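> One structure follows; several queries about it will come next.
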């Protein structure tokens, strides 16, 4: 199973989700890979320093991370695509429309899983027709206060266990 996380610049939210997923999966003994990309990825840039600090506080590693921009191939190679906002989800689907059943915002996937009692990715795809979830977007912390980075990092960290249970 390969999970792709998508945000805007690929230097804050999506690498946080990618690296925390890797850490949490390893801790749980799961065979899972994760990566990330940005709709306007700052190709070749490391993680934002504040995002990297928060990632370390949450148990992830930023070493070796370099941002990249989403492509149809990157999206196509993922078994599950989780975006930070509905706008990011729409951008992924514009370049990879066949990924509809496996592309969600992170909070949408969690909300659908909770609302439907889903046990798999296919279950949450089916749940879209029957359940509505509230907030879909995770705000961008870029160039904001350290507290905002911590709040966003914690929001991502809190959402990931529900996703790992589906995998």
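> Show me the helices (runs of 4 or more DSSP H) entirely contained within segment 55-138 in which 2 or more residues are in contact (Cβ under 8 Å) with a residue 60 or more places away in the chain and within 16 Å of the chain's Cα centre (by Cα).
Working: elements: 72-76, 86-95, 106-116, 121-127.
By residue number, 72-76, 86-95.
> Let me ask you something else. Between a first residue in segment 12-35 that is without any contact (Cβ under 8 Å) to a residue 40 or more places away in the chain and a second residue that is assigned to a loop (DSSP other than H, G, I, E, B) and buried (at least 18 other Cβ atoms within 10 Å of the Cβ), which pairs have beta carbons less than 7 Å apart while being 6 or more apart in sequence or on different chains?
From segment 12-35, the pairs are 23/60.
> Taking the options 80, 42, 55, name whichever one is surrounded by 14 or more Cβ atoms within 10 Å (Cβ to Cβ) and at pLDDT below 95.
On the way: 80 fails: at pLDDT below 95; 55 fails: at pLDDT below 95.
None of the others qualify; the one that does is 42.
> Against the conditions (1) surrounded by 15 or more Cβ atoms within 10 Å (Cβ to Cβ); (2) over 14 Å from the mean Cα position of the chain (by Cα); (3) not in a helix (DSSP H, G or I), where does residue 148 fall short? Just the number, please.
Residue 148 satisfies all of (1) surrounded by 15 or more Cβ atoms within 10 Å (Cβ to Cβ); (2) over 14 Å from the mean Cα position of the chain (by Cα); (3) not in a helix (DSSP H, G or I) except (3).
> Still on this model: Sort out which residues of segment 101-120 are closer than 11 Å to residue 82 by Cα and either at pLDDT below 95 or out of contact with any strand residue (DSSP E or B) (no Cβ under 7 Å at 6 or more places or on another chain) (or both), and write them in order of number.
Residues of segment 101-120 that are closer than 11 Å to residue 82 by Cα, as a first pass: 102-110.
Scanning segment 101-120 gives 107, 108, 110.
The values are calculated or read from the model by the stated rules, or taken from the named source; none is laboratory data. Please read all numbers here as calculations on a predicted model, not as lab measurements. Cβ coordinates were reconstructed from backbone atoms using ideal geometry, including for glycine residues, and neighbour counts include every protein chain displayed.
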